[in-house]
Amino acid sequence: MTVELTSFSFPEILSNPVLTPLHGTLEVVMNQNVSLSCHSDSGSPPVRYTLFKHRQKVAALNRTDLTPALFNLTINSASDVGEYKCKAENEICSGEKYSKSLNFTLKEPVSKPMLSSPDSHAKNGQNVTLSCLSEEGSLPITYTFFKDGQSIQPPVRMQKREAAVISVLIKSSSDFGTYKCKADNHIHNKPKYSNSFNFTLTEESSSSQPLITSRLILLLLPVGFALAIPFFIIPSYKAKKCTSTKSSTGHTSTEKAEQTEDYVTYAEIGKFMSFST
């Protein structure tokens, strides 16, 4: 008589599953597609995997072996970056096992930075400042300044929502080039560049020109009065005196008239010279 022994395999309890992001980082941006892997590396299949977000069921997948279950998600809003967990279960009663929680961090790419300066006009030998600020985007943000496409200073890393500020010495006409700045927070390799900025050269002689002109006019006024005396003032007084003498006496005394005219002439010249000085 022959007795055959038959071996029976009892179902094994599943190990705690591991929930991991396939792209290797928990930092995500809006409208990004992400994949989560849930996997128990020991236990008896078949296995049913269920994904939860904030303890609410999102999706469930069945596996006939111990291969991972892949859950595809899209980050559409801030609520999609909450706490995630997955559950693995097989045919054994009370065989449910849960993974550790996983939380995404929503990262926002930088917005286009603004490059500005309080000194839009500059002259040779002047120190000017340039400010670069991106008003949106997750911190920290790294700013880089350029002139004519070439970096002019080491990058500036800002941990707060503040502008990066540098100082530039205008030494020659080549420093009146085209300036730009770049903002980058290393999210999906999407840095942003500002609009161009140019300084305007200030002419140093332009401010002193009106002062020189006014001083020249003041110097020429006495000369103008002196030149006008023999041509306009003296003939006018002579004509007025002769008319007055004729009308009072009816005849003219040549010698007396000449003396009178000489007196009037020198008297008036002295008065106008005193006025001009």
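Let me know the shape class of segment 56-136, please: from the alpha-carbon gyration tensor, a ≥ b ≥ c as square roots of the eigenvalues, rounded when a/c is under 1.5, otherwise prolate if a/b is greater than b/c, or oblate.
Prolate.
Assign one of three labels to segment 18-106, namely rounded, prolate or oblate, based on the Cα gyration tensor with a ≥ b ≥ c the square roots of its eigenvalues; rounded applies when a/c is under 1.5, prolate when it is not and a/b is larger than b/c, and oblate otherwise.
prolate
If amide hydrogens are placed 1.01 Å from N in the peptide plane, which non-local residues have theirs closer than 5 Å to the one on Glu12?
Sorted by chain and number, the residues that satisfy this are Ser44.
When only DSSP loop residues count, what GluC sites (Glu not before Pro) in segment 34-131 have their Cβ near at most 15 other Cβ atoms within 10 Å?
For GluC sites (Glu not before Pro) across segment 34-131 that sit outside H, G, I, E and B with at most 15 neighbouring Cβ atoms in 10 Å, the list reads Glu91, Glu96.
Could you list which residues have their amide H under 5 Å from that of Arg157, counting only those 5 or more apart in sequence or on another chain, with H placed in the peptide plane?
Residues meeting the amide H criterion: Tyr143.
Using a Förster distance of 45 angstrom, determine the FRET efficiency expected from the C-beta separation of Phe176 and Val29, and round it to 0.05.
With R0 = 45 Å, the Cβ-Cβ based efficiency is 0.70.
Stretch Asn62-Leu139 to full length: gain in nm at 0.36 nm per residue minus the Cα-Cα span?
My answer for the length gained is 23.7 nm.
With only alpha-carbon atoms in the gyration tensor, what are the semi-axes of the equivalent ellipsoid for segment 114-202, in Å, largest first?
25, 12, 10
FYI, it's all coordinate maths here, none of it is from the lab. A quick note: this is a predicted structure, and the numbers were derived from the prediction, not measured. Note that each Cβ is placed from the backbone with ideal geometry, even for glycine, and that neighbours are counted across all protein chains shown.
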